[in-house]
Each structure stands twice: as C-alpha cells, then as structure tokens.
Amino acid sequence: MAEKESRADWVAVEAQFQHGEAGANQPAKAKTAYQFFQKRAMDDVKRDLAAKAAELNEPMELGSISREISARWAQLSAGDREEFVELAAQDKKRYDDECRARDEEVERERARKREEMYGAVEGKRERKKTQVSEEIRPKRQPRELTGKQLEAKRLRQEIRQQEIDERDELKAEEMRQKEALAKKKSEIASARLKYLLSQSDIFAHFSGQVKNKKGKKGAAMDADEDAETGEESAEDKKGKKKGKKRSSNEEEEDMDSSRHVGVRLTK
C-alpha cells in the first residue's frame with residue numbers, strides 16, 4: 001500500500017499570490033507579529049518535529065507544526081515579542097502607503113475617464129449646435145405653379161370638399177333617422193299606456209255596477225224575508241185567537257154537561 005503524503009510541511013500562501021493577475025494590482029495585506037514569528041520559526045519547528053518522529057518511528061501528525069508554533073509563541077516574553085511587533089508595525093505602514101498610492105492611482109484613472117466622457121458629451125453638443133444652425137437656415141421658397149397645376153390643385157380641393165360635405169350629410173341623415181325612430185317608439189309607448197289606463201277605467205266601472213246590482217238584490221231579498229215574517233206572525237196571531245175561542249167553547253160545553261149530570265142525580 002502506498003504511503004500517504006505528509007502535509008505537515010505545507011504553509012499558507014500569501015494573499016498576493018492567491019488571486020493571480022487580479023491580486024497583483026492590490027497591495028499585499030500587512031502581516032501580524034505572530035505571522036512574522038511563524039515564518040521565522042517554521043524551519044526550526046519542522047526540523048525538531050521530524051527528528052522526534054524519527055526517534056519514535058512514527059509519522060508526523062497533521063497540524064503538529066501549527067500547534068508547536070502556537071505553543072512557542074505563547075512561551076515568548078514581552079521583550080522577545082517586541083522584535084516581531086516592530087516588524088508588524090513597519091509592514092502596516094508599508095500597507096497603508098501602498099493603499100494610499102493605489103487610491104490616488106484609481107482616482108486619477110476615474111478623472112481621466114470623466115474627462116473622456118465629458119469630452120464625448122461636449123462633442124455631441126457641438127455637433128447638435130451645428131445641426132441646429134443648419135436647420136435655422138432659410139428654407140428654399142416653393143416654386144411658382146403653372147396655370148394647369150393651379151387648376152389641378154383647385155379641382156383636387158373641390159373633390160376633397162365634396163367628399164367632406166357628403167360625409168357630413170350622411171351623418172346628419174343618420175341622426176335624423178335615429179331621432180324619428182326614437183319619437184315613434186315614444187308615441188307607441190304613450191298610446192299603449194293610454195290604452196291600459198282606459199281598460200282599467202272600464203274594469204272599475206263594471207265592478208261598481210256589479211256591486212250596485214248585488215246591493216239592490218240583497219235589499220229586495222231582505223224585504224221579501226221581512227214580508228214573509230210579517231205574514232207568518234199574522235197567521236200565528238189568528239191561530240192563537242182561534243185557539244182561545246176553541247178553548248172557551250170547550251169550557252162552556254163542559255160546564256153544561258156537568259149541570260145536566262147534577263140535575264139527573266137530584267131527580
């Protein structure tokens with residue numbers, strides 16, 4: 001089995017080489033004090049760790065270099081770190097100067113482009129002014145027409161005017177027909193309304209006569225009933241009188257019979 005490649009000795013590539021040509025125009029970023037220390041201690045740390053791994057007969061662990069550098073940086077005193085802090089300050093100044101120079105270069109490039117753009121605009125304005133001045137020039141006077149041309153022009157105008165008049169007449173006739181139709185519809189609607197109103201009056205008249213007839217007939221029937229009631233009451237009275245007479249005669253006959261009986265007993 002092939003032995004894996006060790007990546008312990010890999011180091012970070014600086015920013016100015018990561019972006020190719022695009023990064024070449026940008027200033028390299030300033031390094032920190034730790035980065036300067038890392039760069040200086042890298043070879044010693046790699047050598048020490050490689051010797052230690054050989055003694056133990058073990059491969060170098062990935063990331064052991066970074067851990068060792070961090071441990072040695074933490075063990076440095078403030079005085080030992082002063083050198084790397086100074087290097088970082090100098091690199092920071094270098095970065096600021098390069099950025100300032102880069103900004104000035106960018107500003108000059110922008111100014112140049114603005115001048116080119118304004119120059120193009122001014123050129124357009126000048127061309128436009130020239131065009132306007134050419135348009136202001138007096139126009140050529142129209143040529144005089146001959147007699148035949150004038151006659152032809154007059155005929156064309158008459159034909160055009162005749163077409164306009166005919167079109168206006170058609171529109172007016174159409175409007176008159178619409179108004180006549182609307183008037184006719186209105187008259188028909190009015191006549192129908194009058195007819196319906198007259199029919200309603202006839203219905204009301206006949207309904208009133210029916211009511212009157214019913215009223216007269218009812219009164220006659222009531223009178224007949226009253227007459228019949230009167231006749232019945234008269235007959236009742238006569239019957240009652242006859243009854244009274246009959247009862248009185250019967251009483252007299254009874255009294256006579258009783259007298260005859262009494263006489264017979266006395267004898």
Cα-projected label distance for Glu58 with Tyr34, points at 7 Å along beta-carbon direction, nm
2.5
For a test of the definition: using alpha carbon positions, the gyration tensor, and the 1.5 limit on a/c, classify the range 15-107 as rounded, prolate or oblate.
oblate
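Give me Thr146, Thr32 sorted ascending by neighbouring Cβ count inside 10 Å, so fewest comes first. Walk me through the intermediate numbers first.
Values: Thr146 9, Thr32 15.
Fewest-to-most Cβ neighbours within 10 Å comes out as Thr146, Thr32.
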Label-to-label distance, nm, for residues given as Arg176 and Ala51 (7 Å Cα→Cβ offset):
12.9
Work out how much length Lys113 to Asn25 would gain on full extension: take 0.36 nm times their residue separation and subtract the Cα-Cα distance, in nm to one decimal.
29.8 nm
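FYI, it's all coordinate maths here, none of it is from the lab. Worth saying up front: this structure is predicted, and the values here are computed from it rather than measured. So basically every Cβ, Gly included, is an ideal-geometry build from the backbone, and we count neighbours across all protein chains shown.
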